[in-house]
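Each remark here refers to the structure printed beneath this line.
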Amino acid sequence: MGITKKAKSVENGIEVKEKQSSPVFTYLCSEIGETRDVNRFDISQNDLEIAANLYCMFKGAKTIFSTEDKRCKLFDCECFLKAIHWSVDRWWTKDEKIELGIEDEVETVDLEGYIGLINEVINTLNEYNEPLRELGKKKKK
């Protein structure tokens, strides 16, 4: 995010805070160029590097900055004043996150489809019923 701390000035003995007029830079990072385990091995995907490069471009020309990168959004400062939270990842829609590969598309089924799925699970469990009973009998012996 790119929120700029503004200077305070004193005019006629009254402290005046300067308001930010430029938009706020935000970027969704999924990968940061290393694995997320204890080893921290390097990986090829690095959204953080792309975000840093775009932010540098934004910083140089805040009023005319533009990008086609769908992970990058600019928000008016007023959004932050009115927002309940600053968790900007929630400001991308579910469809946008699916398109970016951040979220998986959720498939829904109707009642009949759900009943069919349950029956498949029941049939699979029944396939293991007899072998497990045999195993139990052998274990008793």
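Quick note: the coordinates plus some simple rules give every number you see, no bench work behind them. Being a predicted model, the structure only gives us computed values, none of them experimental. Quick reminder, even Gly has a Cβ in these numbers, built from the backbone with ideal geometry, and neighbours come from all protein chains shown.
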Where nothing but the Cβ of Lys and Arg (+1) and of Asp and Glu (-1) is charged, how large is the charge dipole of the chain around its Cα centre, in debye to the nearest 20? 860
Applied in sequence order to region 36-52, the curve 6.51 cos²θ - 1.76 cosθ + 1.60 (Karplus, θ = phi - 60°) yields integer Hz couplings, x standing for Gly and Pro, of 9, 10, 5, 7, 6, 5, 5, 10, 6, 6, 9, 5, 4, 5, 5, 4, 4
Sparsely packed chymotrypsin sites (Phe, Trp or Tyr not before Pro) within region 19-50, loop by DSSP, other Cβ within 10 Å at most 10: 41
Unit charges on C-beta of K, R, D, E only; dipole of region 71-115, Debye: 440
Past 30 Å, Cα to Cα: identify those pairs from 17/97; 19/73; 17/73, in the order given. 17/97
Sort 91-101, 107-117 by the packing proxy (mean of other Cβ within 10 Å over each peptide's residues), most packed first. 91-101, 107-117
With contacts defined as alpha carbon pairs under 8 Å and 6 or more residues apart, what's the relative contact order of the chain in percent? 19
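Quick one: which of 120-128, 58-66 comes out on top by average Cβ neighbours within 10 Å, and what's the full order, highest first?
Top of the packing list down: 58-66, 120-128.
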